[in-house]
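Working notes, structure below.
Readers should treat all values here as calculations from the given coordinates under stated rules, not as data from a laboratory. Being a predicted model, the structure only gives us computed values, none of them experimental. Every residue, glycine among them, receives a Cβ derived from its backbone with ideal geometry; neighbour counts consider all protein chains shown.
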Protein chains: 2
Amino acid sequence: MTEKRIPQLVKGTRDFDPVQVAQRNYISNIIQQVYRKYGFVPLETPSLEYLSTLLDQYGQEGEQLVFRVLNSGNFLEGITPDEFPQDYKRLLPKIAEKGLRYDLTVPLMRYIAMHHHELTFPFKRYQIQPVWRADRPQKGRFREFYQCDADIVGTSSLLNEAEILVMAYEVLQKLRITDFKIYLNHRSILNGIAELMGELNRVNEFCISIDKLDKIGKDSVIQELIEKGFAKTALEKFAFIFDFQGDNNLKLEILSEHLAGSKVGLQGLQDIQHILRYIKEMGMNTIPISLDPSLARGLAYYTSTVFEIKLPSIQIGSIAGGGRYDQLAKNFGVDGLTGVGLSFGVDRLHAAIENLDLFPKQVHSSTQVLFTNLDDEAEKIALGLLTKIRSHGISAELYPEQSKLKKQLNYANKKMMPFVIIIGEEERSVGKLMLKEMETGSQTLYTLDELINFLLGLEKNV
Amino acid sequence: MTEKRIPQLVKGTRDFDPVQVAQRNYISNIIQQVYRKYGFVPLETPSLEYLSTLLDQYGQEGEQLVFRVLNSGNFLEGITPDEFPQDYKRLLPKIAEKGLRYDLTVPLMRYIAMHHHELTFPFKRYQIQPVWRADRPQKGRFREFYQCDADIVGTSSLLNEAEILVMAYEVLQKLRITDFKIYLNHRSILNGIAELMGELNRVNEFCISIDKLDKIGKDSVIQELIEKGFAKTALEKFAFIFDFQGDNNLKLEILSEHLAGSKVGLQGLQDIQHILRYIKEMGMNTIPISLDPSLARGLAYYTSTVFEIKLPSIQIGSIAGGGRYDQLAKNFGVDGLTGVGLSFGVDRLHAAIENLDLFPKQVHSSTQVLFTNLDDEAEKIALGLLTKIRSHGISAELYPEQSKLKKQLNYANKKMMPFVIIIGEEERSVGKLMLKEMETGSQTLYTLDELINFLLGLEKNV
C-alpha cells in the first residue's frame, strides 16, 4: 500500500464530535418527545430511492441537486459506443437508477402509496433522518443535513394546520427559543393575486420571483417581475404585500378588500382565518404567527397552506417550514390523499441554539471515574472493582497501560472525567481507595462500598 | 405530470414502521448505554466519503461493493470521446469521486488522521450509523444496514480486548440474549500455522479459504487449499483446527505443542492467554468465549486478535465481530496508531431478538388519549382540553374531522390507543368527560382534573 496524504472530508459534509452529537441528540430528543405527544409515530425510510421515485417531484432546480448513485458492476454494459453522448444528460438514466433521499416527504408518499391499503388514516408520522442535496456548500448550507418531519396525511381538516403550528411552537419553547416568528400564507392567496393581475397561468413564475424577497429585496423582485412581463400597474396594486405591516386581523381585512374579485383568493383568506380560530380555541393565541402573503416557499409540491419559522435576531434563514400538498400521492398512482407537514432543520436549530447560548451545560456526559493503572497489583485490583462499579450503572474506565500518573491524570482531564481513583501501596495496605476530585484536587480515602454510595449519591443530585 | 405506477423500494433496502423503529431504538439505546458505561464517547461521520479514502482498504472483493456517487453537474466535462472506454473501470475514477460509507472503521481512521494532534489517546469512540454495500440482497443481508461500533485507538494493551469482549457480553445480557458464543482467534496463530506449513507468504490465501468453513464445510475447505497448491500432508497436520473441541486451556495446550516451532504462533497464543486472564480478573470468566483457530474474518485490515459472536440456535450468521488493526491509520499518513474494535449489527440483532421472542411487550408506545370529534361544540371544548392535557406530558390527539363515532373508535383501535374521550351533550350538561377504556369497553365520567390525575397515575405505574 502506498503512503497517502492526509484525507479530507467531502465538501459540504461534517464530522460530529462527542459534544456535537450530544447537542444534536438533545435537539432531536426534544422534537421527538413533542411530536409523540401530538400523536405522531416514527417511520424510517432507506437512504437510497429509485430515481423514478425522486424525479418529477422537486421542480427542475431541485432535481439537479439529487445525488445519483452509479449502477453497480459494469454500468456500461449494453451501451453501444455511439450512445456515448456529448450530452451527459442522455447518458444519466442509463448508468444510474438510484439516488440519495432529497427530502423526507417524497419517501413518505412512496411509503403510503405502497401501503395505503393497510394503513389507518389520518396517518400521522414523524421521521428524523439525513437528506442529501448537491448544492453549492456555503455557511449554514450543507450537502448532508438532518430533517425532522411531521406529516398528517389523509385529512383536509384545517385542524391539522393548527395542530402542527402549535406543535412547532411547543418544540421551540422546550428548546428555550423565544425570539421567533411563524410566517403563514396560503397558495390560494397567491393564486388570487395572480388571477387579479390577469396572470393566473403564470402564478409559478410569480412565486419563483417573490421567493427571492429575503435575498434581493422588494425593488429587485418587482424589477424581475416586470422583466418577466408582468404589468407594472398590476404589480403596483399588490406591491404592499412585500412590506405588509399590522396584526393578522388588519391584514385579513385589507387583503379581503384587495381580493374581493377572486373567489380562490377569498377561500385562501377564509382558510387562514379558520386556522387562527382553531389556534385561539386551543388557548394558544399568544403564538407569534404572522400572515405573510409574500411567502411562497420554493418546493414545487405545496398546493395550499405554507409556513416558515424564522429567528429575527439571527441570519440563518428559516429553521422550519412546511405546508399542505394535495398531489404528491397522485404521482404514485394514489388519488385523493392530501397531506400537511412540518420540517425542522436540526443543523439550523443547532446553529441557532449555539448562537443564542441556549444549550444546557450538562448536555455531554463523560465517564465518571478513571481507575489509574500504576503497577500489576493495582491493575489486578482495579479490574475486579471496575466490574463492581459498573454493575451499579456508574461509567468507569481503567487506564489500559501502566503509564506515568501525570499522563493518566491528563487523560482524565481531557475527557472531562470528574473523578480519578488511585490504588497505591499505602491505600492497599489499609484496604481502601483514594478518590481524587479532578476539579478541586481534593483526595479522600474510601472503602469500595463507601465509594459506590458516594458516586450514586452524586447521580441522584444531578 | 404523468400517472405513475406504484413505486418500489430499492432492492436490499427497507422501510421501518413505527413498531420496527421502536424495536431498533430499544436495541441501539441499550448498546449505547453500555458503551458509555465503558467510557466510549459518540462520533458521527458523513455518509459520503471520497473514494480516495474508501478504496485500498477492504480488499478487492470489498472494494467492488462500494456504492459510487456520480459527480454532480456535467460529469463528462473534459472527457474526450476516445476516453470512453470499453472497460467501465477506466471511466469510473473520472466520473465518480465520492462513495457511500462502507463501514465505520475507515471513517474513524480518516477522522483520527485529520485530528490526531488535538485528540486525547487512547481514543475511545462509539458510532451507530448506517453503512452501504452493493452486495447481492438475500435473506438477512441488506444493502443498507446499521452498525454499532466501539473502537479503542492508540493503545496496544490487551486490556482493551478484554474490555471489549466483556462489554459485548453485557450488551447481550441487557438484551436478554443468553444462548451465544464468542469465538476468539489471533492472526498470529494463523501466521504460525502458515509458517509451519511453509506457506507464510500465502497466509492470506489460506485465510480466504478457511473463512468459508461455515459455508462449505471442512472437507471442501481442505480440497480448495489443496487445489491452491497447499501440501496435503501439511494440511492434515493442522486439519484438527476445523473441528477443535475442548475448553480453552486444553486448546491452548494442544496448540502450543503444534506451534512450538513458530515464534509468531506462540506469541499469538500468549496474547490470547493474556486476554483470558484479564477477563478472569474482571470476575467475568463465565463468559462463553471459545478459542477458535479457524476463525479468520474476511476484512483485510485485521492484523492481530479477531473475534465473532454467534447464536448457535439461529442461522443468521454472526451478530457481532471485530479485532485489532495496526495499519489503518498508516494508510492516511499517521504512523504507530493501533486500534481494536467491536461492531454489532442492529439488523441481525433485531432478527435474533424477534426470533427468540425477547422484545419487551411495551417497546412501542402509542398516543394515550383520543378526543373524539362529534360536533362543533365538542370540537371546541376538546381543543381547549387538548392543550391542558398535553401540558401534563400526556400524549393526546383530537380526531381532525367530525366523522362517525365508529370510524373514530376504529382509528383509536388501530393506533392501539388505550383511551378515548367522548364529549356528548349529556357529558357537557354535567361538565364532565366520558373516558372509554378501549380494551375493556368500560366508561367512566370524570372532571378534567380527575381525568388528568387518573392518566398521570397510570403512567407512574408503568
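Values for this structure:
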quantity	calculated
Set of lysines near residue B:414 by C-alpha distance (under 19 Å), chain-local residues within fewer than 8 positions excluded	A:37, A:124, B:361, B:404, B:406, B:436
Residues in the stretch B:222-245 that a label on residue B:61 would reach, taking backbone N under 14 Å of a point 7 Å out along Cα→Cβ	B:224-225
The stretch A:353-405: Rg to Rh, with Rh as the Kirkwood radius over Cα pairs	1.22
Using distinct alpha-carbon pairs, which all enter the 1/r mean, Kirkwood radius of the stretch A:19-61 in Å	13.4 Å
Radius ratio Rg over Rh of the protein assembly as shown, counting only Cα atoms, Kirkwood formula for Rh	1.00
Dipole magnitude of the stretch A:363-461 about its Cα centre (Cβ charges: Lys, Arg +1; Asp, Glu -1), debye to nearest 20	320 debye
Residues whose placed amide H lies under 5 Å from that of residue A:374, excluding near-sequence neighbours	A:379
Built amide H within the under 5 Å cut-off of residue A:304, gap 5+	A:187, A:324
Using a Förster distance of 41 Å, the FRET efficiency for residue A:355-residue A:74 (Cβ separation, nearest 0.05)	0.25
For residue A:398, distant residues with modelled amide H under 5 Å away	A:371
Rounded to 10°, Cα long-axis angle of helix B:448-461 versus longest principal axis of chain B	20 degrees
Computed P(r) (all Cα pairs; the stretch B:363-461; 5 Å bins; percent)	2, 13, 26, 29, 20, 7, 2, 0
Those residues of the stretch B:414-436 whose amide nitrogen sits under 14 Å from the label point placed on residue B:19, 7 Å along Cα→Cβ	B:414-417
Cα-derived Rg over Rh, computed across the stretch B:11-90 with Rh taken as Kirkwood radius	1.14
Partner lysines for residue B:215 [C-alpha distance under 25 Å; skip if fewer than 8 residues away on the same chain]	B:11, B:139, B:181, B:228, B:232, B:237, B:251, B:310
Loop-resident sites, the stretch B:357-419, for trypsin sites (Lys or Arg not before Pro), counting at most 12 other Cβ within 10 Å (DSSP)	B:361, B:404
Helix-only CD estimate at 222 nm, as mean residue ellipticity for chain B, using -39500 (n - 2.57) per DSSP H run (n ≥ 4)	-12000 deg cm²/dmol
Inter-copy label distances at residue B:361 (7 Å, Cα→Cβ; nm, one decimal)	4.4
Gain in span if fully extended, residue B:121 to residue B:232, counting 0.36 nm per residue against the direct Cα distance	35.3 nm
Cβ-based exposure ranking for A:447, A:53, in which fewest neighbours within 10 Å come first	A:447, A:53
Cα long-axis angle, helix B:405-414 against chain B (0 to 90 degrees, to the nearest 10)	20 degrees
Fraction of antiparallel bridges per DSSP, chain A only, in percent to nearest 5	80 percent
Peptide-level mean, for B:396-408, of C-beta atoms on other protein chains within 10 Å	4
For the stretch B:90-154 and the stretch A:1-53, distance of Cα centres in Å	14 Å
Sparse-neighbourhood loop sites, GluC sites (Glu not before Pro) in the stretch B:14-123 - DSSP loop, at most 14 other Cβ within 10 angstrom	B:77, B:118
Per-residue mean of C-beta atoms belonging to partner chains within 10 Å, peptide A:156-162	4
Relative contact order for chain B, counting Cα pairs under 8 Å that sit 6 or more residues apart, in percent	16 percent
Residues B:105, A:367, sorted so that the one with the fewest Cβ neighbours within 10 Å comes first	A:367, B:105
Chain lengthening between residue B:136 and residue B:256 when straightened (0.36 nm per residue, less Cα-Cα)	39.1 nm
Residue A:173 versus residue A:219: modelled label distance in nm, points set 7 Å from Cα along the beta carbon direction	4.3 nm
Per-residue average of Cβ from other chains inside 10 Å of B:349-361	0
Qualifying GluC sites (Glu not before Pro) for the stretch B:150-220 [loop in DSSP, other Cβ within 10 Å: at most 14]	none
Between 0 and 90°, nearest 10: helix A:18-37 axis offset from chain A longest Cα axis	60 degrees
Calculated Rg and Dmax of the stretch A:197-302 using C-alpha coordinates, Å	14.8, 46
Rough spin-label spacing in nm, given labels placed 7 Å along Cα→Cβ, for residue A:5 and residue A:430	6.0 nm
